[in-house]
Every structure is written in structure tokens, then in C-alpha cells.
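Below is one structure, written out as C-alpha cells, with a few remarks after it.
The values are calculated or read from the model by the stated rules, or taken from the named source; none is laboratory data. No experiment lies behind these values; they were computed from the predicted model shown. Note: ideal-geometry Cβ built from the backbone for every residue, glycine included; neighbour counts use all protein chains shown.
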Amino acid sequence: MQGVEQMQYVQFGVGEESYGIRIAEVHEIIRMQEITEIPNCQFYVKGVINLRGKIIPVISLRALFSLDEDVYSKATRIVVVHHQEESIGIIVDRVHKVTTFHDIQPPPERVGGINGAYFTGIGLTESELVGILKIDEVLLRD
Amino acid sequence: MFDNSEFRQVFLEELEEQIMTMEEEILSLEKQGSHSEGIQRLFRAAHTIKGSSAAMGYMELKQLTHEWEHLLDMLRNEELAMSRELTNLFFQCLDFIKDLQNSIIHEELLPDPSAVIKELERFSKANTESVAAAKEAAGDALPEEAEQVLREFIHNGQTVYRVTVKLTEDCMMKLARISIIDISLRAFGEVLWNEPNMKLVQDDQDIHAVRWLIATQEVEPLVLEQAVAGLMDVHSVRVEAMQPSQPEAETAAALEQEQDNADMLPGFAGGAAEEAADKPQQSKASMKQQTIRVNVERLENVLDLLGELVIDQTRLKQAIQTLHQAHGYSETMDDLGEISDHLSRLIGSLQENVLKVRMLPIEQLFSRFPRMVRDLAQTLNKNVDLQMVGGDTELDRTLIEEVGDPMIHLIRNAVDHGIEMPEERQKSGKPEQGIVRISAAHEDNQVVVVVEDDGGGIDTNKLRKSAVAKGVITAEEAALLDEHKALRLIFHPGFSTASQLSDVSGRGVGMDIVRTDIERLGGIIDIDTTVGVGTKFTIRLPLTLAITTGLLVKASDQTFILPMSAVVEIIRVDTSTLKMIKGSPVIKIRNQIVPFVWLHEMFGYSRTEGGSEKIPVVMIGRAEQRLAIAVDQLLGNQEVVIKTLGSYVGKVDGISGATILGNGRIALILEIGGLMKKASGIS
């Protein structure tokens, strides 16, 4: 697995936790937008936004991870990823930086109360642990 | 392997086209019997695929089409005859090609075609032998020219004999021998026709049997036979009195076709000649219209951009209005207004034209049905004639895609439940062959698609009973339903009229799904039936799904759009006039009781009470149903570009899509069927 460590990740925070997404999977990062709610939808789908004339859904990682309700601030961002030929926005509390990990550990069964299946691994930096999201699993619709 | 992704798309497009041609041709071969034009087209399609798949490196596909081509070649050289078994094998081949196509699309490992290839090989071997043997044994049918002469003479009351002579193996000078036989035969009557024609034969090596047609008077067949049998080198003689083999009218048509085929024959020779055969078709096509192929995605992008342009235009208009209010009249202001007006006209016609580009003939969809009906009829042992009219009717390509499933369901139903078994049809005095008829046509601003059959029809009394038994309605309600409403019971969820669920059309979905699908497209489905005569489903669809006129309303600070086509009227209602029936509010409008709901509550939003007593209410309608929806504010109507919420969000009850408004905000477009359902539990 040479080179895995050199892969770049977008590291962001939700609540107290740090997460990462492989940079290749991130389409863009935008500021918080006005969200149009969609009634009768999955609980984690917050609604849709107008991304330059395209309507894309945004989901709440907080809702998905059963954390407290979203509170939007100036730091709130939407990470737009590609999933099965669609763009989907993921609301995060803040985006830290683009980073690499010197080591990636396989995910445990549960990561702080969150299903381990959501992660491809746990990335280690000098100071913290970052859960690397398995986008397809996170966005999987049942 | 070299990177062929660029060619892959072109290859796949071509493959798709050839597959469609093949399916069409096999079906027509099955229906009309063997005709060399069809076989030739099939051959050409197989040949094309063989060439391109070889170039692309799809060896499995190449091998299969190669072997098929070989068999087709035998067919067109009449070394082999079409049969039902062969038709089925052809379909099997085609299905395998489709499998291969699928694997290529999904970039999977290609399945191994050797089983089908073996089957093709088996056929070509077994049948060459048997056809040759059959030819030998039967003495063979006469070619058309002979038949025609024969018919003429018999028509004039003459007796015609066929004399078949086999020469011995060691006959040295066959042609000379045949001439002697010919001369002796001419002593008995007039030789109408003979084969082989001695004037045309150069090399006599291959001649074993010779045939004559002789018109005679008062000669016994035995006399003829003895006269010939006595000659040298004659192995055997057979003399038969002849009758024409086909009724006259039919053969005349066959003759015409034969002639056409004869014209086609040079095309068989090879590459260059094949192209020559292609030519007349091509020139016909280019005369009709010139077209180019466009990637769908590009077209969608253009439409998206146009959608943004429409939105910006609306914003511009609003901005001008605001400016106007703030700064009053000025010449520049006037200019700006004019430019804006012009822009909106331009955008309007641009939009219209782009939408036209998206229109496709419904033929594309129709072409899927013949095969389906054929297979289904065969499985069910039914005899069904599928008739299709109006394939050139154009509608939006997304609509064509979407309306496919419900139509397939209706057609399956027609074959499975509609058309009776042949014996049953015979008993009721109908022709054994049932008819399923599909038609499409434009009517005003709609497309009307009809699926009808001449089957047994639907008994509304049975429907009533069944609906009561299933608890869909009560017995009292059932008794009150008029014929049409009773018939519409078929569209209720969980309702199926088939006394036994067959595995073919069961598929776990009922007519309610069909209705929901159609209504999701902004369409209406209706049914008409007569017991013993048949059933007719009529589907009305909008021309396009991309754009619609909507009524903008506000509820709980969100803007929603109601499709104008469903809005029956707009009224103001004093909330104090609301009545309650079974705990649900209703309003009475012109003696009609209409269920009443607040849009907010439907979607679980809170409603700010108070304010004015009179609230705006939008009455929506679908078929005979009405629903009064209370909102906070009416914002007027406008054209909206419909966008889907995407497959990630999926289907949401009561919402069909969204649009981007002039201010850049998103408004959800409401779906009438879903609202009705939400309002009443079951509609």
C-alpha cells in the first residue's frame, strides 16, 4: 500500500470530531446556502440548494451520526461530493485543511458511537485521529 | 489493448441500432414468412456488427455474428429454409447479443457465446443435409415462372403433365441426351417449360434430374412414361398430372416480390455490391431529413443553461422594476425595459426550439413492443396481432422513457388478461387471432396514447364484488358507483382482476402503479370497456416534462408551485364556513362538497393562525376528484423549468420536482396525485 499515506484528504470538523474525505472525491466546498426544505424526506436530508442553477440535495452528518441538531455558523460549510453521477452536499461545522496522514489504521467496529462501516480507516496526524469517511457508505440510501 | 473509449460510444450507438433492426427483421420474418429482403437486411446487420466488433476487439461478439452470418448466408442462397425453430434460434442469438452489449456497456467480462454458436453450427450442418435431401425427394416445387405458365394452360382447360427424368450416373453427354428426350417429348404435346434450360447450361456435369412441363391432349401418362423410359441413359421417369400450387391472387403478389428480390440479388455478391444495395435506402433517408446525433447529456446541459437564462431574465425584469420605482422615468430606463422585453422574447423562442430538439418520435418506444408481445403470446399459447399506429408522434425524450413502463404493463395486461384463448374466442364467434392496438397522436397540447384490445373486456360487477371483498369500498358504496367509477376501481391500490395471477404479467405491480406513474408525469389515464368486445386504456400526457406553467403559492414562508393544468379555480374562503364531515374539514362550493386541507399541515409545518378570516384557497382537480387547498398567499402564475430532485432524494410524496425562481431561490413543485392521496389516505 505504498503511496496511500501520500493521498490528500480534506479534513473537517463536525462537533468535537475530525473527519476526512479523500480530496479526489470532493467536488468543491461552499459556504452555507439557503436550504429549501423537502417535506417527507429522509431525516438526514436537510433539503436542496441552488448550486449555480443546479438543484442538489444537502445532508446533515450530524443527523446521520445522531449528534445534536445542526447549528449553522459563519464557519459552516457544505462539502459537495459526487455520488453515483449526482452532486450531493454534506454539511460540516468547519473545514480545517487539506492534509495527508502518515498512518491509516483500519476502523474499529464503532467509532465513538458511530457505525464503523462509515469509515475506510482512521487517519493519524501528529495531534489527532481523523475518521476517513467512506462516501458511498455514508450516502447509501436504504 | 489500445484506448478505444472514444470509439466505444460510437460502436455502442451503432450496435444498438443494429440490434433494433435485427429484432424488427426477425419479427417480420416470423410474421410474413421468409422473404429475401428481410434476410438480406438481417445479414447486413450481422455483417456490420461482425466488422465493428472485430475492430473493437470484442471477439465473442465477432464470433457469434460470424456464425450467424454464415447461417443467414445459407438462408439467402436458399440452402436453408426459415422455420419456427430457426426464428426462435435467431431470437436466442439476438438476446445473447444484447447480453454482450450489456456487458460491454458495464465494462464487464463478456459472456461466452459458444453455446449459441454451437447451436447455430448444428443448424447449418443438419439443415444443409436435410434441405438437400428434401429437394431431391420431393421432386421439388416449381419456380414461379413455371407455375404461371401452368396456371394459364390449366385455366384454358388443357391437361399438363410434369415429367421428371433422372439420368444414369454414367451418362457421358448429358446435354445431348436431354435434347433427345426433349425432342421425343415434343411429339406428344407442347413443352411449356423445362429445367435446366438447355440453352443456358454450359457445363453438364451437375445435371442429374431434368423436368418438363408438357401440355397434351388425350395422352395417357403411362404412354409418356414408356416413351421416355425406352431411351438410352434414362435412369427413371415420373409423370404427374399438374395443378397450380397457389391461388392466383396470392401468387401475383408473390411474383412481384420475387421480382424485387431478383433486383436485390446482385447485392449478395460482396462488399461493393452490398453498398450499392444500401444506396436507394440512403438516398431516401437523406431526402426525408438531415439529422445529426447529439449526446443527450449535451442537450441537457443546453437546457440547464437555458433554464438559468430564463431565471436571470426574470431577475432582470424585477431589477428594472425596482429601479423604475426608485428613480422614476428616464430614457435609459425605457431602453433597458425594451432590451429586457426583447431578451425575454428571444429566450422564449430559444426555449421552444431547444424543447423541440428534445422531441423524439414515439416509434423508439414502440419498437420494444412487438418482441414482447410475440414472446408473451407464445408463452400463453395465444394468437395475437399487434397493431401500432402513430409511431411518428413526437414527445419529449424523458417522457418517452418514463411512459415505457406503464405502457408495457398495459400491453402485458392486454395480452395476458384481455385477449382470450383461441378456443374461447372461436366459441364466442371472434377470429382466433386477437388484436392489441397501440396508437399515439397529438391532441391540442397533449399526447394521447391508447392501448386497446378486442378481448373479453372487464365486468364491472365483478370489480364491484372484488372491491368489496378486498375491503376497498363497502357494499353500499359499491352499489352507488356508476359504471365509469366502478371501472376506475381497477386503479385502486392492491387491486387485481386476474382470477389467477399469472407469472408473466403479475410482476407484483397493479394498475394503481400504472396510474401513479402516469400521474407523476402530469398525465391522466382512463379506461373504457365492453364485456366481450374489448378494453381500451387512454393515456393523456403533456408534450414535455421540462417546462410547465405553475401557480406560485406561499405557505409557512415557503414557496410552492401547483401545476396550472390541475388548478380548477381559485377562491377566497371564510374559514367560518368550513364544515366537518367525519372529523375532516370540507367546504361546499356550488352544492359540491369538497375536502379541504391546509398546505402547511400536509407537510407538517405549523400554521400561523389569525389574520384575515378570508383565506386564499386553490381548488385542484384530477379526473372527477376535487381538493381545496388553503395557502397563505397567492403569488401568481409563471412558466417554470422543471428540475428533478435527483435519485438521491428519490420520490417524495406530493412533490414532483423543483424549480429555481427569479430570486435564485428554490420552489418545490407539488404533485397532484400525491396531494390527493395524502389528503384522503386513499384516493
Original post:
Restricting region A:82-132 to residues that are of a type in the set (S, T, N, Q) and touching a strand residue (DSSP E or B) at 6+ places or on another chain (Cβ under 8 Å), which is modelled with the lowest pLDDT?
Top reply: A:125
Original post:
Quick one: how many residues across region B:626-642 are buried (at least 21 other Cβ atoms within 10 Å of the Cβ) and modelled with pLDDT of 85 or more?
Top reply: 5
Original post:
Restricting the first residue to region B:524-538 and requiring it to be at positive phi, which pairs with a second residue that is surrounded by fewer than 17 Cβ atoms within 10 Å (Cβ to Cβ) and not basic (Lys, Arg) meet a Cβ separation below 7 Å and a spacing of at least six or different chains?
Top reply: B:532/B:428
Original post:
Of all residues in region B:322-355 being of a type in the set (Gly, Ala, Ser) and over 15 Å from residue B:639 (Cα atoms), which is surrounded by the most Cβ atoms within 10 Å (Cβ to Cβ)?
Top reply: B:340
Original post:
Can you find a residue in region A:20-36 that is under 27 Å from residue B:601 (Cβ atoms), surrounded by fewer than 17 Cβ atoms within 10 Å (Cβ to Cβ) and at pLDDT 90 or above?
Top reply: yes
Original post:
So, in region B:101-127, of the ones that are buried (at least 19 other Cβ atoms within 10 Å of the Cβ) and in contact with a Phe, Trp or Tyr (Cβ under 7 Å, 6 or more places away or on another chain), which residue ends up farthest from residue B:9 (Cα to Cα)?
Top reply: B:120
**OP:** Looking only at region B:60-75, count how many residues are under 16 Å from residue B:115 (Cβ atoms) and in contact (Cβ under 8 Å) with a residue 40 or more places away in the chain.
**Re:** 7
Original post:
In region B:427-437, what residues are part of a helix (DSSP H, G or I) and touching an Asp or Glu at 6+ places or on another chain (Cβ under 6 Å)?
Top reply: none
Subject >> Residue list for region B:649-668, filter: surrounded by fewer than 21 Cβ atoms within 10 Å (Cβ to Cβ), among the aliphatic types (A, V, I, L, M) and under 32 Å from the mean Cα position of the chain (by Cα) >> reply: B:652
Original post:
Do any residues in region B:82-108 that are within 14 Å of residue B:120 (Cβ to Cβ) have Cβ atoms under 7 Å from those of residues that are modelled with pLDDT of 85 or more and in a loop (DSSP other than H, G, I, E, B), where the two are at least six apart or on different chains, and which pairs are they?
Top reply: B:96/B:113
Original post:
Quick one: residue B:177 ticks every box in (1) crowded, with 19+ Cβ neighbours inside 10 Å; (2) charged (D, E, K, R); (3) without any contact (Cβ under 8 Å) to a residue 40 or more places away in the chain bar one, so which box is it?
Top reply: (3)
Subject >> Among (1) farther than 28 Å from residue B:651 by Cβ; (2) in a strand (DSSP E or B); (3) of a type outside the set (Gly, Ala, Ser), the one test that residue B:338 misses >> reply: (2)
Subject >> Filter result for residue B:91 (surrounded by 12 or more Cβ atoms within 10 Å (Cβ to Cβ), under 15 Å from residue B:43 (Cα atoms) and of a type in the set (Phe, Trp, Tyr)) >> reply: yes
**OP:** Return yes when residue A:85 is of a type in the set (Asp, Glu), free of Cβ contacts under 8 Å to residues at least 24 places away in the same chain and over 30 Å from residue B:310 (Cβ atoms) and no when it is not.
**Re:** no
Original post:
Do any residues in region B:404-429 that are touching a residue at least 12 places away in the same chain (Cβ under 8 Å) and over 19 Å from residue B:366 (Cβ atoms) have Cβ atoms under 7 Å from those of residues that are in a helix (DSSP H, G or I) and of a type in the set (A, V, I, L, M, F, W, C), where the two are at least six apart or on different chains, and which pairs are they?
Top reply: B:416/B:376; B:416/B:380
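For (1) within 16 Å of residue B:538 (Cβ to Cβ); (2) assigned to a strand (DSSP E or B), each residue gets a yes or a no:
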| site | (1), (2) |
| --- | --- |
| B:450 | yes, yes |
| B:458 | yes, no |
| B:464 | no, no |
| B:468 | no, no |
| B:472 | no, no |
| B:486 | no, no |
| B:489 | no, no |
| B:493 | no, no |
**OP:** State which residue is modelled with the lowest pLDDT when the search covers only region B:285-321 and only residues that are exposed (fewer than 10 other Cβ atoms within 10 Å of the Cβ) and away from chain A (no Cβ under 14 Å).
**Re:** B:287
**OP:** Test residue B:386 against the criterion of being in a helix (DSSP H, G or I) and surrounded by 15 or more Cβ atoms within 10 Å (Cβ to Cβ), and give yes or no.
**Re:** no
Subject >> Criterion (surrounded by fewer than 17 Cβ atoms within 10 Å (Cβ to Cβ), modelled with pLDDT of 85 or more and within 29 Å of residue A:88 (Cα to Cα)) met by exactly one of B:671, B:601 >> reply: B:601
**OP:** Answer yes if at least one residue in region B:445-468 is surrounded by fewer than 20 Cβ atoms within 10 Å (Cβ to Cβ), farther than 22 Å from residue B:510 by Cα, small (Gly, Ala, Ser) and touching a residue at least 40 places away in the same chain (Cβ under 8 Å), and no otherwise.
**Re:** no
Subject >> Wholly within region A:5-115, strands (runs of 3 or more DSSP E) carrying at least 1 residues that are within 14 Å of chain B (Cβ to nearest Cβ) and at positive phi >> reply: A:45-51
**OP:** Considering only region B:584-683, give the strands (runs of 3 or more DSSP E) lying wholly within it that have at least 2 residues that are within 14 Å of another protein chain (Cβ to nearest Cβ) and free of Cβ contacts under 8 Å to residues at least 60 places away in the same chain.
**Re:** B:655-660
